[in-house]
Amino acid sequence: MSKTIEDIFNFTEIADDCVKCGKCIPVCTIHNVNADEVTSPRGFIDLLGAYKRGNLELDKTAKDIFESCFLCTACVEVCPKSLPTDMIIEQVRSDIAQKFGIAWYKKAFFLLLRHRWLNDIAFKLGYTFQTCGFKIKDDINSMTARFNLPIIKSDRLMPSLTKTSFLNAHPENIHNGGKRKVAIFIGCLANYNYRKIGDSLLEILEVLEIDAFLAKSQKCCSAPAYFTGDFDTVDANAKFNIEYFESFAKDVEAIIVPEATCSAMLKIDYEHYFHDQPEWKARAKAVMKKVFMATEWLQHHTDLEHLLASKKKVSPIVTYHDPCHAKKMQGVHEEPRNLIRQNYKIVEMSDPNLCCGFGGVTMQTEKYHFAKAAGVPKAAMIEKTKADIVSAECSACRMQINNSMYNAGVETVFKNPIELIAQALKN
């Protein structure tokens, strides 16, 4: 029987609920790269139970253990009792942050997430989202090897005052007919590093004659801060976004998000975070009913699938990776495939549900060796499909998978499904 949020955060006996069946072990991302019982879901639960009962000191060893979870929720998906290992780890990370503090570079990163104007400046100076342990590989450079195109030097990391984010490149209200209207929550990575995602989404809405409201005052969903334990940033950003969404929600059919992690944070984790703030929890639940992943809404609420079917097939072969925050948390996995397969051949990899190994800011910096190891099997199974393109509706997965493929010498190109769909509409 699934537990309520209130049960989860008053769980002095939750460790006893784990029957130690071991079903979580084969799917656990961290256990697969660090085969230690303490870094397994049932190990985390036992230690968290001891900590909550006052039998375990939250020292640096415990901190290291609790920060080793990828929060992929694979254990929750297979657990016969649906024990919320990820949610209780997220809570204890707040205790860790309060006791040990947060590294200066994380504080700087989360400061950007609170103030978009600072992020805009950092973007023009070439520093946005470069705190991760890897470099963002420019998509066009990854394509050159696959299709023998001329090599173009990337300026991804170079300062340029001419660079413009997605939100700053377009007017806030875009009119495509006026019969229907949606809002767009773009997400930080798509806003700055992968602007083509937002541009492609606007192209799709134009074809469908659906007006777009870009919601330019939106703040970061605060998922990176939530997974790290910086609850001050979560509290500030979540409350701002809820109030902002309330101001326009009645004027739009939906708030669509082309990013799995952002969508999951808004729809699900806001409610989890506000478990002890009843008013904000209720407001989050009410307004977030209008939030959908982009492919989810486009398939179920428009004629896009039939429109794509009227377009010609194209030659690139696509394999699809299921982001943890899409399939496991939101149940979204058929929708992007249904849209993509209208024009592309899909070849499934051996385990599309396997976590790519992104894991958040801490995993990509202090524990990057774990993230790198977790990416190896994903890159291998992508290469085995011989697909031209790997797709996922998540830019965090995009960063991690691109880096994993680069390390493994895999020349497959990564594209968000929104980009593939927009390209198909042009054919």
Segment 388-418, residues that are in a helix (DSSP H, G or I) and surrounded by fewer than 23 Cβ atoms within 10 Å (Cβ to Cβ):
TYR406, ASN407, ALA408
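Working only within segment 39-63, note down all residues that are part of a helix (DSSP H, G or I) and over 18 Å from CYS79 (Cβ atoms).
Let us first name the residues in segment 39-63 that are part of a helix (DSSP H, G or I), namely 39, 41-52, 60-63.
Once the filter is applied, which keeps residues that are part of a helix (DSSP H, G or I) and over 18 Å from CYS79 (Cβ atoms), segment 39-63 yields ALA50, TYR51, LYS52, LYS60, THR61, ALA62, LYS63.
Would you check which residues across segment 84-113 are closer than 15 Å to ASN237 by Cα and surrounded by fewer than 18 Cβ atoms within 10 Å (Cβ to Cβ) and list them? Before the answer, list the steps.
Initial filter on segment 84-113 (closer than 15 Å to ASN237 by Cα): 107, 109-113.
Within segment 84-113, LYS107, LEU111 qualify.
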Say whether the condition of being under 26 Å from ALA97 (Cα atoms) and surrounded by 20 or more Cβ atoms within 10 Å (Cβ to Cβ) is met by at least one residue in segment 251-260.
yes
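Go over the candidates SER247, SER315, SER263 one by one and state the one that is under 14 Å from the mean Cα position of the chain (by Cα) and polar (S, T, N, Q). Before you say what the answer is, go through the steps one by one.
Numbers: SER247 fails: under 14 Å from the mean Cα position of the chain (by Cα); SER315 fails: under 14 Å from the mean Cα position of the chain (by Cα).
The match here is SER263.
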Can you tell me how many residues within segment 305-335 are assigned to a loop (DSSP other than H, G, I, E, B) and under 18 Å from VAL347 (Cβ atoms)?
7
Out of all the residues in segment 182-195, is one or more of a type in the set (A, V, I, L, M), closer than 19 Å to LYS290 by Cα, part of a loop (DSSP other than H, G, I, E, B) and under 15 Å from the mean Cα position of the chain (by Cα)?
yes
Scanning segment 277-304 for residues that are farther than 17 Å from VAL234 by Cβ, among the charged types (D, E, K, R) and part of a helix (DSSP H, G or I) gives LYS289, LYS290, GLU296
Report, by residue number, each residue of segment 64-97 that is in a helix (DSSP H, G or I), touching a residue at least 60 places away in the same chain (Cβ under 8 Å) and not β-branched (Val, Ile, Thr).
ALA74, GLU77, MET87, GLU90, GLN91, ARG93, SER94, ASP95, ALA97
ALA212: farther than 19 Å from GLU419 by Cα, assigned by TED's automatic domain parsing to the domain that holds LYS281 and not charged (D, E, K, R), yes or no?
no
Find the residue count for segment 309-326, including only residues that are surrounded by fewer than 24 Cβ atoms within 10 Å (Cβ to Cβ) and within 20 Å of ILE89 (Cβ to Cβ).
0
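Each row is one residue, and each column tells you yes or no for (1) at pLDDT 95 or above; (2) assigned to a helix (DSSP H, G or I); (3) in contact with a Cys (Cβ under 8 Å, 6 or more places away or on another chain); (4) surrounded by fewer than 16 Cβ atoms within 10 Å (Cβ to Cβ).
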residue	(1), (2), (3), (4)
ALA212	yes, no, no, no
LYS239	yes, yes, no, no
ILE242	yes, yes, no, no
PHE245	yes, yes, no, no
CYS262	yes, yes, yes, no
LEU266	yes, yes, yes, no
ASP269	yes, yes, no, no
HIS275	no, yes, no, no
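Condition check ((1) more than 18 Å from the chain's Cα centre (by Cα); (2) among the small types (Gly, Ala, Ser); (3) not assigned by TED's automatic domain parsing to the domain that holds LYS328) across all residues:
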{"site": "MET363", "(1), (2), (3)": "no, no, no"}
{"site": "ALA387", "(1), (2), (3)": "yes, yes, no"}
{"site": "ILE401", "(1), (2), (3)": "no, no, no"}
{"site": "VAL410", "(1), (2), (3)": "yes, no, no"}
Scope segment 336-353; condition buried (at least 20 other Cβ atoms within 10 Å of the Cβ), assigned to a loop (DSSP other than H, G, I, E, B) and in contact (Cβ under 8 Å) with a residue 60 or more places away in the chain; matching residues
ASN343, TYR344
GLU259 being closer than 23 Å to PRO323 by Cα and among the charged types (D, E, K, R):
yes
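Here is a check on your reading of the model: is GLU206 touching a residue at least 60 places away in the same chain (Cβ under 8 Å) and either outside the structural domain of MET399 (by TED's automatic domain parsing) or hydroxyl-bearing (Ser, Thr, Tyr) (or both)? Even if it seems obvious, please write down each step before you answer.
Details: touching a residue at least 60 places away in the same chain (Cβ under 8 Å): no; either outside the structural domain of MET399 (by TED's automatic domain parsing) or hydroxyl-bearing (Ser, Thr, Tyr) (or both): yes.
No: the conditions fail for GLU206.
The values are calculated or read from the model by the stated rules, or taken from the named source; none is laboratory data. Note that the structure is predicted; figures quoted are calculated from it, not measured. So basically every Cβ, Gly included, is an ideal-geometry build from the backbone, and we count neighbours across all protein chains shown.
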